[in-house]
Amino acid sequence: NTATESGGAIYAVTSGTVSIESGANFETNSAKNGGAVYINDGCTLSMSGTVNFDGNTATENGGAICVNGTGMLTDKDATLTFTNNRAAAASTQLSTTKNDSAPSGSTGFGGAICFNNSSTSAVSELGTAAFDGNKAYFGGAVANIGTGTVNFSKTASFGASTLNTAYSGGALYISSGT
C-alpha cells in the first residue's frame, strides 16, 4: 500500500480509536509520514496480541508508525516487532561513519516509530517490543521529537539480531519529550 501523504495502510485523524488485533502484519507500506500507520490529533492507536511491522518506509518521519499532534499509542498487552523499517529517503544508504552528514530540516525521525506530539498530555505506552534493523537519521528505532511522553512499560529490545542505525540515537532519539 502506498499513500502520497501520510499513513500507507491506515490514516486516522480528528478523534476515535484504531484497534489492531493479534496476527496483523504491516509489510512494505510507504508514505511521506507513517509508512504503515499515521495517527493524528485526538486519535489513539490501540494494539493487542502479536503485531508485526516489516519493511515499511516513510520518506520523512515514522518508518512504520507516526504519532502526531495529540495522538497516542497504547499497547500494554501487545507484543510488537519492528524489522527493517526506514524513515527518510536517503536512510537506505545511511552508514555509521563519522563523516556522514545529517539532513537539515525536520525529516528522518524514527525508523520504526516517530512521536511528534504537540501536547504534554499526550502519553503513549509501549509494552513488549522488539526493534531490529530499522534506520533513520534520528532515532534508528524510536524518535520522540514532540512534547509528549513515551513509556516503555515491559520489555523493549533494540538490535537483538540486527542493529538499528542512525546518525544520532541508534536506538532512541529524544529531543524535547520524555
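What residue, of 167, 137, is aromatic (Phe, Trp, Tyr), buried (at least 24 other Cβ atoms within 10 Å of the Cβ) and modelled with pLDDT under 95? Step through it out loud before you land on a result.
Values: 167 fails: buried (at least 24 other Cβ atoms within 10 Å of the Cβ).
Answer to the selection: 137.
For segment 120-134, name all the residues that are surrounded by 15 or more Cβ atoms within 10 Å (Cβ to Cβ) and in a loop (DSSP other than H, G, I, E, B).
Step one: of segment 120-134, the residues surrounded by 15 or more Cβ atoms within 10 Å (Cβ to Cβ) are 122-134.
122, 133, 134, listed by residue number.
Would you please list the contacts, defined by Cβ atoms under 9 Å and residues six or more apart or on different chains, that run from a residue in segment 1-29 that is acidic (Asp, Glu) to a residue that is open to solvent by 80 Å² or more (accessible area, probe 1.4 Å)?
Note: pairs meeting the criteria are 5/11.
Only one of 52, 56 is surrounded by fewer than 20 Cβ atoms within 10 Å (Cβ to Cβ) and closer than 27 Å to residue 162 by Cβ. Can you tell me which?
Details: 56 fails: surrounded by fewer than 20 Cβ atoms within 10 Å (Cβ to Cβ).
Result of the check over 52, 56: 52.
So the check is Cβ under 6 Å with 6+ separation or different chains; which pairs have a first residue in segment 151-178 that's on the phi > 0 side of the Ramachandran plot and a second one that's modelled with pLDDT of 90 or more and assigned to a loop (DSSP other than H, G, I, E, B)?
Close Cβ pairs (under 6 Å, with a partner that is modelled with pLDDT of 90 or more and assigned to a loop (DSSP other than H, G, I, E, B)) amount to 169/139.
Identify, from the list 152, 158, the residue that is over 13 Å from the mean Cα position of the chain (by Cα), open to solvent by 20 Å² or more (accessible area, probe 1.4 Å) and at pLDDT 90 or above. Spell out the reasoning first.
Numbers: 152 fails: at pLDDT 90 or above.
Testing whether each residue is over 13 Å from the mean Cα position of the chain (by Cα), open to solvent by 20 Å² or more (accessible area, probe 1.4 Å) and at pLDDT 90 or above leaves just 158.
Give me a count of the residues in segment 34-46 that are farther than 17 Å from residue 109 by Cβ and open to solvent by 10 Å² or more (accessible area, probe 1.4 Å). First the steps, then the outcome.
Applying the first criterion (farther than 17 Å from residue 109 by Cβ) to segment 34-46 yields 41-46.
Of the ones still in play, those that are also open to solvent by 10 Å² or more (accessible area, probe 1.4 Å) are 41-42, 44, 46.
Number satisfying all stated conditions: 4.
Look at residue 23 and say whether it is under 17 Å from residue 111 (Cβ atoms), in contact with a Gly (Cβ under 8 Å, 6 or more places away or on another chain) and not in a strand (DSSP E or B). Give the steps one after another, and end with the answer.
On the way: under 17 Å from residue 111 (Cβ atoms): no; in contact with a Gly (Cβ under 8 Å, 6 or more places away or on another chain): yes; not in a strand (DSSP E or B): yes.
So residue 23 does not fit the description; no.
The values are calculated or read from the model by the stated rules, or taken from the named source; none is laboratory data. Everything numeric here is computed off the predicted structure, so don't read it as measured data. Neighbour counts are summed over all protein chains in view; Cβ atoms, including those assigned to glycine, are modelled from backbone coordinates with ideal geometry. Surface accessibility is based on the protein's heavy atoms, side chains included, excluding ligands, DNA and RNA. Shrake-Rupley method; radii C 1.70, N 1.55, O 1.52, S 1.80 Å.
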